[in-house]
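Inspection log for the structure reproduced underneath, given as structure tokens.
Coordinate-derived values only; no laboratory data. Quick caveat: nothing in here was measured; it's all calculated off a predicted structure. When we count neighbours, we look across all protein chains shown, and the Cβ atoms used for this are built from the backbone with ideal geometry, even at glycine.
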Amino acid sequence: MPSKQYLTQQLLNQLPADERPGVEEVLKSWWQDPRDDSGLRLSTPGYDVFKFLKIERHEFEFTKALNPGLLMTLNRKLDCPYYLKVGKTPKLVLFGSQQAIMYAMYGDMEKFLRYLDRT
């Protein structure tokens, strides 16, 4: 799994030099949990940056209620940045094609989570 520090620096390098904030500042802003040993869940500002930079993304609707177990599995097992859109039609947005292919193959959040738990 790539480190948040590395991913953040790579993204910052794509922004105009005169508008680049500091790494420590954006680590706290772009990620749900800025610690490097935690998962790659993006915050809303981080998701907006990924969209602004036109990084390939894959969106999947799901009906399973967000619960601590689901969040912990995603946090521990996903090896690509991801974002959870909450609301009337919740979506899992993956910024990694390998994980997106696996989700599409399973076609269901619960089956996908069981797959992640096995890996």
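Set against the labelled values (1) 6.8; (2) 11.5; (3) 7.2, mean projected area of the Cα convex hull in nm² computed from this structure falls on (3). Of F52, F95, F112, the sequence from fewest to most neighbouring Cβ atoms within 10 angstrom is F52, F95, F112. Based on the Cβ-Cβ distance from D79 to L15, what FRET efficiency comes out when R0 is 30 Å, to the nearest 0.05? For R0 = 30 Å, the calculated efficiency reads 0.80. Mean residue ellipticity at 222 nm from the helices of the chain, using -39,500 (n - 2.57) per DSSP H segment of n ≥ 4 over the full residue count, to the nearest 500 deg cm²/dmol? Computed ellipticity for the chain at 222 nm equals -14000 deg cm²/dmol. Here's the picture: a label point sits 7 Å out from the Cα of E61 along the beta-carbon direction, and within the stretch 79-95 the residues with their amide nitrogen under 19 Å of it are 83-94.
Placing a pseudo-label 7 Å from each Cα along the Cα-to-Cβ vector at Y6 and T119 gives an inter-label distance of 1.7 nm.
When L78, L71 are ordered from fewest to most other Cβ atoms inside 10 Å of their Cβ, what list results?
Details: L78 21, L71 14.
Going from least to most buried by this count: L71, L78.
Here the Gaussian network model covers the chain, with springs between Cα atoms less than 10 Å apart; of P45, P34, P16, P16 fluctuates the most.
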